[in-house]
Amino acid sequence: PVMGWYEWQELPGGNLPWFLHGSDNKILAVAGLWDRWQGKEEHGGEIIESCTIVVGPANEKFNPIHDRMPFCLDEKRAHTWLDRGLTEADKVMEILQPNPDDSITFHRVGKRVSNARNQGADLIDPVVDATT
């Protein structure tokens, strides 16, 4: 679950950050993968946990800014995605569909989001000046 996410638009004068979120401002469920495995004993046998957000093509509305975005899942698709019995590739691909244009909205945010040391709810506030 996420409130939203940042994407950077690549421009000749530098990258501009955008904040994407659900059009209804509700929490979004994004497709993700998690794994836990143990490394080889000769390399210390360390337990490794890893995760990723599954991304695909951006919808038409956002594509002029960035060519990819996470797959956001409605309640039914999220339930299916979390089913441990889901093993068929064609069923997975039925779930991983581009987000409808009206489901996600976005606005420019300040470049402070580019530094992980910056914290606060104001990081998602819209900005008008494209240089900030």
At the level of C-alpha centres, the distance separating the stretch 84-132 and the stretch 7-60, in angstrom, is 10
222 nm mean residue ellipticity, helices alone, for the chain (DSSP H n ≥ 4; -39,500 (n - 2.57); rounded to 500) | -2500 deg cm²/dmol
How many Lys pairs in the chain lie less than 29 angstrom apart by Cα atoms, where the lysines are 8 or more positions apart or on different chains?
-> 8
Mean projected area (nm²) from the convex hull of Cα positions in the stretch 83-122 is 5.6
If each Cα of the chain is one equal point scatterer, what is log10 of I(q)/I(0) from the Debye formula at q = 0.16, 0.19, 0.22 Å⁻¹?
-> -0.92, -1.11, -1.31
Label-point gap, in nm, between residue 61 and residue 15 - each point 7 angstrom along Cα→Cβ | 2.4
With r defined as the distance between the Cβ atoms of residue 102 and residue 3 and R0 fixed at 25 Å, what FRET efficiency is calculated, to the nearest 0.05?
-> 0.85
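Here, each number is a calculation from the coordinates, and none is a lab measurement. For clarity, every value in this text was computed on a predicted model and none was experimentally measured. Virtual Cβ from ideal backbone geometry, glycine too; neighbours counted across all protein chains shown.
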